Amino acid sequence: MYKKLLPIALLFSSAIYSQTAKDTLWVNAYDETTTKALASSFRVSKPFKQKKGYEEITTYNKETKAIEIKGIGSFDSNKTISYDGKVTYYNADGSINFDMFFEEGNAIKITSTDPFTQEEYTLTYENGYPYDGTMVQLYKNSYFYYVINEGVYLSYIYVNKDNANEKYLFTFDDDNNIIDEQFINAAG
């Protein structure tokens, strides 16, 4: 009986593999569809039964296979995603970087948590642009803090991931021009 079940199991597993391969979309660092050889990430999508026409879309790093982005959305004819609802962006270690919320493809807000103080931030969007609030995100070896009030950047801060005392601070005028730059070294 075991010998009879083995070929059936292989048949089912190959069907599942081919379905995953068929639904894989290769993308570069600019989120453009590309070939596997030029891709930095890949997306796997599956139908989302709770919302007709939408799919659960998960993006993974090509090299590490670590999850990068997960959310619900739909694709247009160019394979561009239009998200709806909560989309989670992950750090390389699998922890959550921030959550972004969409309504019919339009960003409405971002929620994030300060890694040093655990304070929660919200940044709202208006007409597709950051409008009001604070956000923090990890990118490579730095945390980036954005403070925006009514569409005007108040400050932009780079903080060393491994030493919160080491930072670059930028402040802006009402036209979003940098008016002050400061570097604070690791000693503070």
If we ask which residues in the range 96-107 are farther than 14 Å from residue 131 by Cβ, open to solvent by 60 Å² or more (accessible area, probe 1.4 Å) and not hydrophobic (A, V, I, L, M, F, W, C), their number turns out to be 2
Where a residue in the range 133-146 is closer than 13 Å to residue 109 by Cα and small (Gly, Ala, Ser) and its partner, wherever it lies, is at pLDDT 95 or above and buried (at least 19 other Cβ atoms within 10 Å of the Cβ), with Cβ under 7 Å and at least six apart: 133/123; 133/148
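Does residue 170 fit the bill of being of a type outside the set (Val, Ile, Thr) and touching an Asp or Glu at 6+ places or on another chain (Cβ under 7 Å)?
Working: of a type outside the set (Val, Ile, Thr): yes; touching an Asp or Glu at 6+ places or on another chain (Cβ under 7 Å): yes.
Considered against the rule, which asks whether it is of a type outside the set (Val, Ile, Thr) and touching an Asp or Glu at 6+ places or on another chain (Cβ under 7 Å), residue 170 comes out as yes.
Right, residue 110: open to solvent by 60 Å² or more (accessible area, probe 1.4 Å) and among the β-branched types (Val, Ile, Thr) or not? Before the answer, list the steps.
Numbers: open to solvent by 60 Å² or more (accessible area, probe 1.4 Å): no; among the β-branched types (Val, Ile, Thr): yes.
Criteria not met by residue 110.
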With respect to the numbered conditions (1) open to solvent by less than 60 Å² (accessible area, probe 1.4 Å); (2) out of contact with any Phe, Trp or Tyr (no Cβ under 7 Å at 6 or more places or on another chain); (3) modelled with pLDDT under 90, which one is the sole condition not fulfilled by residue 78? (1)
Residues (touching a strand residue (DSSP E or B) at 6+ places or on another chain (Cβ under 8 Å), more than 25 Å from residue 53 (Cβ to Cβ) and acidic (Asp, Glu)) located in the range 93-139: 114, 119, 120, 126, 132
Subset of the range 157-188 [more than 17 Å from residue 116 (Cβ to Cβ) and among the aromatic types (Phe, Trp, Tyr)]: 170, 172, 183
Members of the range 43-75 found to be among the aromatic types (Phe, Trp, Tyr) and either at pLDDT 95 or above or loosely packed, with under 13 Cβ neighbours inside 10 Å (or both), listed by number: 60
Check residue 188 against each of (1) modelled with pLDDT under 95; (2) under 28 Å from residue 83 (Cα atoms); (3) open to solvent by 50 Å² or more (accessible area, probe 1.4 Å) and name the one condition it does not meet. (2)
Hey, residue 122 surrounded by 15 or more Cβ atoms within 10 Å (Cβ to Cβ) and at pLDDT 95 or above or not: no
Please specify each residue of the range 171-180 satisfying the condition of being more than 28 Å from the chain's Cα centre (by Cα) and part of a strand (DSSP E or B). 179, 180
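The values are calculated or read from the model by the stated rules, or taken from the named source; none is laboratory data. If you're wondering where the values come from, they're calculated on a predicted model, not measured in any experiment. In this analysis, Cβ positions are derived from the backbone assuming ideal geometry, glycine residues included, and neighbour counts consider all displayed protein chains. Areas reflect the complete protein model, heavy atoms only, side chains present, ligands, DNA and RNA absent. Shrake-Rupley method; radii C 1.70, N 1.55, O 1.52, S 1.80 Å.
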